[in-house]
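The values are calculated or read from the model by the stated rules, or taken from the named source; none is laboratory data. Remember, predicted model here, so these are calculated numbers, not experimental data. Ideal geometry is used to build each Cβ from the backbone, glycine not excepted, and the neighbour counts take in all protein chains shown. To get the accessible areas, we keep the full protein, side chains included, count just its heavy atoms, and leave off ligands, DNA and RNA. Shrake-Rupley method; radii C 1.70, N 1.55, O 1.52, S 1.80 Å.
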Amino acid sequence: MSKFGHRIASAVALSLWLGLIFYMSAQNGTESSKLSDFLAALWPFGNEGEGPDEESLERITLLIRKGAHMFEFAVLVVLCLRFIRVWTSFSMRRSIVIAFLFTVCYAASDEFHQTFVEGRCGTPVDVLIDSAGALIALLTVMLILAVKKRKSKGKEKVAA
């Protein structure tokens, strides 16, 4: 793919993901709960094959919802990082900082948006959860890059 193609693909992917997050946040409380409740009901652990009790089901639902927050913003920060890398000549360090700050700001705006949606509320805790997902994703990217760099240095030594 050409450099222009990579730029367009990164812009489209980032835009679609931002739109998906906005769409999910625009769902009212009832609609938003349906998917996580459905997934929680599929949980295979419970009382002797009966499935989880009501209290366990609530905890599982909460974990699913917060895990979804982390996942959404982990993907967002990676897509944002990719966008920055193909559209600018910034260093990796600067790109990571900008991607993280953008993601945290979008998380805050997403929570603010939810305060206008029936049955939803925006919370600073969710911004922290979203930010944690982004941070974990960036740390994973940095680890992968460090491993690749170490491997390529090892190959250079063998070739010399």
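Check the chain and count each lysine pair with an alpha-carbon distance under 27 angstrom, considering only pairs eight or more places apart or from different chains. Could you put the intermediate results ahead of the total?
Details: Lys3/Lys148; Lys3/Lys149; Lys3/Lys151; Lys3/Lys153; Lys34/Lys66; Lys148/Lys157; Lys149/Lys157.
Lysine pair count for the chain: 7.
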Which residue, chosen from Val12, Gln27, Phe90, occupies the Cα position most advanced towards the positive end of the dipole of the chain, where the dipole is computed from +1 (Lys, Arg) and -1 (Asp, Glu) charges on Cβ about the Cα centre? Phe90
For the chain, what does -39500 (n - 2.57) per DSSP helix run (n ≥ 4), summed and divided by total residues, give at 222 nm, in deg cm²/dmol to the nearest 500? -29000 deg cm²/dmol
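Using a probe radius of 1.4 Å on heavy atoms only, what accessible surface per residue do you get for the chain? Whole Å² is fine. Don't skip to the answer; put the middle values down first.
Numbers: 10670 Å² over 160 residues.
Spelled out: the 1.4 Å probe surface of the chain, per residue, equals 67 Å².
For the chain, give the percent of accessible area contributed by carbon and sulfur heavy atoms, probe 1.4 Å, rounded to a whole number.
Working: 7280 of 10670 Å².
Carbon and sulfur together cover 68 percent of it.
Evaluate the relative contact order of the stretch 1-150 (contact order divided by residue number), counting alpha-carbon pairs under 8 angstrom at least 6 apart; express in whole percent.
Contact order relative to length: 29 percent.
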How large are Rg and Dmax for the stretch 72-123 when only the alpha carbon atoms are used, in Å? 13.5, 43
Please arrange Glu31, Glu156, Glu72 by accessible surface area, largest first, computed with a 1.4 Å probe and ligands excluded. Glu156, Glu31, Glu72
What do you get for the angle between helix 92-114 and the principal long axis of the chain? Use alpha-carbon atoms, 0 to 90 degrees, nearest ten. 20
Let me know the charge dipole size of the chain about its Cα centre in debye, to the nearest 20, where only the beta-carbon of Lys, Arg (+1) and Asp, Glu (-1) is charged. 1980
If you work out mean projected area of the Cα convex hull in nm² from the coordinates, which of (1) 13.5; (2) 11.0; (3) 12.2 do you get? (1)
